[in-house]
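Novice: Sharing a structure, written as structure tokens. Questions coming.
The values are calculated or read from the model by the stated rules, or taken from the named source; none is laboratory data. Here the structure is a predicted model, which is why all the values come from computation and not from measurement. Here Cβ is always computed from backbone atoms with ideal geometry, including for glycine, and neighbour counts include all displayed protein chains. The area values use the complete protein model at the heavy-atom level, side chains included, leaving out ligands, DNA and RNA. Shrake-Rupley method; radii C 1.70, N 1.55, O 1.52, S 1.80 Å.
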Amino acid sequence: MVPLLLQLAVLGAALAAVALILISFVAFITATEMPHLHRQEDEKFFLNARGQREALPSIRDSPTKQLSVVVPSYNEEKRLPVMMDEALGYLEERQKQDPAFTYEVIVVDDGSKDETSKVAFKYCQKYGSDKVRVITLVKNRGKGGAIRMGVFSSRGKKILMADADGATKFPDIEKLEKGLNDLQPWPDQMAIACGSRAHLEKESVAQRSYFRTLLMYGFHFLVWFLCVKGIRDTQCGFKLLTREAASRTFSSLHIERWAFDVELLYIAQFFKIPIAEIAVNWTEIEGSKLVPFWSWLQMGKDLLFIRLRYLTGAWRLEQTRKVN
């Protein structure tokens, strides 16, 4: 009986090893190069408040604003106004109290099929194109790809990623700013503060089905085991980066869809960029683009492939990378 169990264990280990080798091989040969940062001709410009085209700036330029807010938006004509009203209300009030504070909000329409760009442009007309700009992508690139396009067109010393659904209360940016400042001195002026919903986990578990709870814990385990250590919530869409950290991490990013946050933090940890995880207020908003089972499955595959592609050398991180 014992020899049979031993044989089965050996066989199981051998099959697992073969499966890992095959998956690694598939991950290696299917690895694409860094997604090309080429912009379509229409993506090189934004419309000012008068409807005239102006060339977008580059992250390689010297910053001229204290804060850039990048809002990736895909079919968000209904949810975007609530978020924009709150964000701009806060930013305008802050500027009244501190005239030295300057900001811009960059809405990146990720190839929407609805009126997202038109809705966003109304805010450009109301507040001016120096404060609100709309980048309309010709084709859908995915959330990570949309944010990267916004980041590379930003003018801020600090860059905030903020979801269009307004699930995170915008004034919580002050918590991220404090977390970022607490990390000083910043090596090479690089640091990241991540908004986190980990403190709300017990409450969310009570509201979720057992199946969705299992998926959530499984995803968290894979993130920890394969890619990112020490960050409990990698997926919160509320992240504040110094300009230098944003340039370094987004210049090395391969994943353009849902799992991009994990690769972003994996890259940051590789470059030893200090990261603070900060609890923020968060409310679940109806209209999520995630399909619970299939989206989690896709992200699980992406996590495994992120790790394997870096391990096999299909993807490599360089100390410097040119930004388009």
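Novice: When only Cα pairs under 8 Å and 6 or more residues apart are kept, what is the percent relative contact order across region 83-201?
Specialist: 25 percent
Novice: To continue, here is another question. Please work out the FRET efficiency for the pair residue 50 and residue 97, using the Cβ-Cβ distance as r and a Förster radius of 45 Å; give the result to the nearest 0.05.
Specialist: 0.95
Novice: How far, in nm, would the chain grow between residue 169 and residue 85 when pulled straight, counting 0.36 nm per residue and subtracting the alpha carbon separation?
Specialist: So the extension gain works out to 29.1 nm.
Novice: Per residue, how large is the accessible surface of region 57-115? Use a 1.4 angstrom probe and give square angstrom.
Specialist: Accessible area per residue: 44 Å².
Novice: Within region 71-86, find all residues whose amide N lies under 19 Å from a label point positioned 7 Å from the Cα of residue 113 along Cα-to-beta-carbon.
Specialist: Taking a point 7 Å out along Cα→Cβ of residue 113, the residues of region 71-86 whose backbone N falls under 19 Å are 73-80.
Novice: How much length would be gained if the chain were fully extended between residue 301 and residue 177, taking 0.36 nm per residue of separation minus their Cα-Cα distance, in nm to one decimal?
Specialist: Between residue 301 and residue 177, full extension yields an extra 41.3 nm.
Novice: Given a Förster distance of 41 Å, report the FRET efficiency between residue 189 and residue 311 from their Cβ-Cβ distance, rounded to the nearest 0.05.
Specialist: That pair, residue 189 with residue 311, gives E of 0.85.
Novice: Can you give me the distance in nm between label points at residue 125 and residue 270, each placed 7 Å from the Cα along the Cα-to-Cβ direction?
Specialist: It is 4.5 nm.
Novice: Sort 224, 282 from largest to smallest accessible area, using a 1.4 Å probe on the heavy atoms of the protein chains.
Specialist: Largest accessible area first, the residues go 224, 282.
Novice: Grab the other residues whose beta carbon is less than 9 angstrom from that of residue 227, score K and R as +1, D and E as -1, and report the net.
Specialist: Once positives and negatives cancel, what remains is +1.
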